[in-house]
Amino acid sequence: MDPHPTGTNPPSRTATTPRPGAVVSGSDRPRLARHVRLGFDRTRQRRILLHPEAVVVLNDSGAAILDLCDGRHTVAGIVSELGARYQRVPGDEVRQFLARLAARRYVELGHADTHTDGDGGGDTDG
């Protein structure tokens, strides 16, 4: 699930992202940072994460995780959703992957207590 960056960008600090080495909890609600987009590289035939100063080539499992990073799904919900699709989804690997991306400021982690407008049910429809 490790992304392969092809560029670098110095990290900036925001209130919704952890410091490097921080633990991602099951109740965090990851979303792509505003300056980051998911895309598809036709040459590589791979999903990519586009950043103004970098391109990250994703493997299939990394792309599947990031597809669910919409700010509504919790990390536990992402693990559960992927578990329904695939036989085995190690939750600790999903959290480590998201922690690495958050440390690079590609993903922001909102907290469940900041989303008090509902219980999170039925949030898979965009």
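Say each of Arg34 and Glu93 gets a label point 7 Å from the Cα, pointing the same way as Cα to Cβ; how far apart are those two points in nm?
3.4 nm
Whose amide H sits under 5 Å from the amide H of Val55, counting only residues 5 or more places off or on another chain, with H placed in the peptide plane?
Thr6, Gly7
Counting only C-alpha contacts under 8 Å and six or more residues apart, can you give the relative contact order of the range 46-94 as a whole percent?
Dividing the mean separation by the residue count of the range 46-94 yields 24 percent.
Relative to the present Cα-Cα distance, how much length would full extension add between Ala103 and Leu50 at 0.36 nm per residue of separation?
17.5 nm
Read-outs throughout are calculated quantities, based only on the coordinates presented, and are distinct from any laboratory measurement. Model, not experiment: these values are computed from the prediction. Glycine gets a Cβ as well: all are built from the backbone with ideal geometry, and neighbour counts include every protein chain shown.
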